[in-house]
Each structure stands twice: as C-alpha cells, then as structure tokens.
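What follows is calculated from the coordinates using simple rules that are stated; it is not laboratory data. Note that the structure is a prediction, hence the values are computed from the model and not measured. Glycine gets a Cβ as well: all are built from the backbone with ideal geometry, and neighbour counts include every protein chain shown.
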Amino acid sequence: MAIPKISFSATINGQKIGPVDLPEDLMAVELLQEYLNLTGTRLTCGQGVCRACTIIVDGEEGSRTVPACITGIAWLNGRSIRTIEGIAGKDTDGRPVPSPVQQAFLKHFSFQCSYCTPGFVNAATVLVESLAKAPIPVAEVEGRILTALDANLCRCTGYVRYYQAVREVILSTPGLTVDGPAQTANATVKA
Ligand code: FES
Ligand code: FES
C-alpha cells in the first residue's frame, strides 16, 4: 500500500523549502537528517524525553522549542523553523561565528560528548530571545533558566556548566534583566 503524502512547505533556517510531496507520517528529525542533510539535530531517545532533538519553531506569538523526534511534518507544514545549523551568525566574510550561547558553552566547557548540546543551545537561545523582548528581574533569572532547560537531559557533565553559561549570557547581555546587580549563586540542578 502506498504511503499517503502531503505537500510540504516550510522556512528552515531562513530558506524556503517546497512545496514538495513527502510521506505524511514523516517526523521532523527524519525530514532534517534524511531529506535536507541537516544532521545537527540529534536523535537519541526518539520518544520526546531527552530533548537532544530540540528545534525552534518561530511564529507571530513568539518562538518555542519542540522535540523533532515526535513532531510530525504535518504540524510543521507552513511554519518557520530553526535548527542548530541556523543558530550561528556570520562574519563579514561569511564565515560562521558562534552565537553568544554557543560561545558561552564553549567557554564554560559545558559539554563532553556534545550529543545533548544542540538541544541545549536551542532551548537557551529561545530563553535569551524571549528575555530580550520581555526582560525579567535579576532575582527571577535562576528560576527561568531552570524552567527553560529543565526538559533537556545530559548524561556526561551534569548540568552545572550549562546553567552557568546561560546565566552568564543573561546577566552580561544588556536588556535581558531589569534591575539589580549580577547574581553569582549557582542554580540548583537536577542529578
Ligand atoms: S530524541 Fe527527541 S526527545 Fe529524545
Ligand atoms: S555532553 Fe554528553 S550527553 Fe550531554
């Protein structure tokens, strides 16, 4: 029996894709890795648990993270998506420049195997972008980091250095917080 297809279009990392006929049961991670050669989105649990496969969906209501392993392309149809390949900026010669979040993860040695890293980068990116639109008091930063990154699992380094890096980005970037000096207390992290 032929697999039903849908006409799929989307904007991925700023580039328009489609319309192209694709199997309607295709998951976003399969679309990215097998059809578009965007292999930075990691498939790990495949069950929506670890968030290594986190991608960003942009909309008028704001940006949100979704797990690409359990998000079907039918839901993504017509939407604007960012993957880890679309996070870095470019210098004047067109060479990639890591985003502030990526630079902070490198500086703090936040990862080892890095399998979880694209998910952390994307989750932290959405957090930082949301704070640029709606700054919060410094006293609320720890809670927002925990909330934003809580679903992302890491089994190498623990979480302390990821959280330290995100905290540094938030507290050192003008306009993300609205009052008070930079706080230095560590976030309480999950085991
Ligand atoms: S691979 Fe998607 S949540 Fe784990
Ligand atoms: S760095 Fe290996 S799972 Fe996070």
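Side notes on the structure shown:
- By the beta-carbon count within 10 Å of each Cβ, the least crowded to most crowded order of Y115, Y35, fewest first, is Y35, Y115.
- Were the residues from S9 through A88 laid out at 0.36 nm apart, the gain over their Cα-Cα distance would be 26.1 nm.
- One decimal place: the segment K133-M1 gains 42.6 nm when fully extended, by the rule 0.36 nm per residue minus the C-alpha distance.
- Taking the convex hull of Cα positions in the range 59-140, its mean projected area over all directions (nm²): 7.8 nm²
- Rounded tilt (10° steps) of 117-133 against the dominant C-alpha axis of the chain: 70 degrees
- Taking the square roots of 5 times each eigenvalue of the Cα gyration tensor of the chain, largest first, gives ellipsoid semi-axes of 31, 18, 15 Å.
- Entry note, the chain: relative contact order of 20 percent, from Cα contacts under 8 Å with a spacing of 6+ residues.
- Spin-label pair E140-E24: with each label point 7 Å from Cα along the Cα-Cβ axis, the two points sit 4.2 nm from one another.
- The number of Lys pairs in the chain with C-alpha atoms less than 29 Å apart, excluding pairs fewer than 8 positions apart on the same chain, is 8.
- Gyration tensor verdict on the range 89-184 (Cα atoms; rounded if a/c is under 1.5, prolate if a/b is larger than b/c, oblate otherwise): oblate
- Loop-located GluC sites (Glu not before Pro) in the range 1-93 whose Cβ has at most 13 other Cβ within 10 Å (DSSP): E60, E61
- Percentage relative contact order, the range 1-94, counting C-alpha pairs under 8 Å, at least six apart: 33 percent
- Alpha-carbon centroids, the range 7-41 and the range 82-140: separation in whole Å: 22 Å
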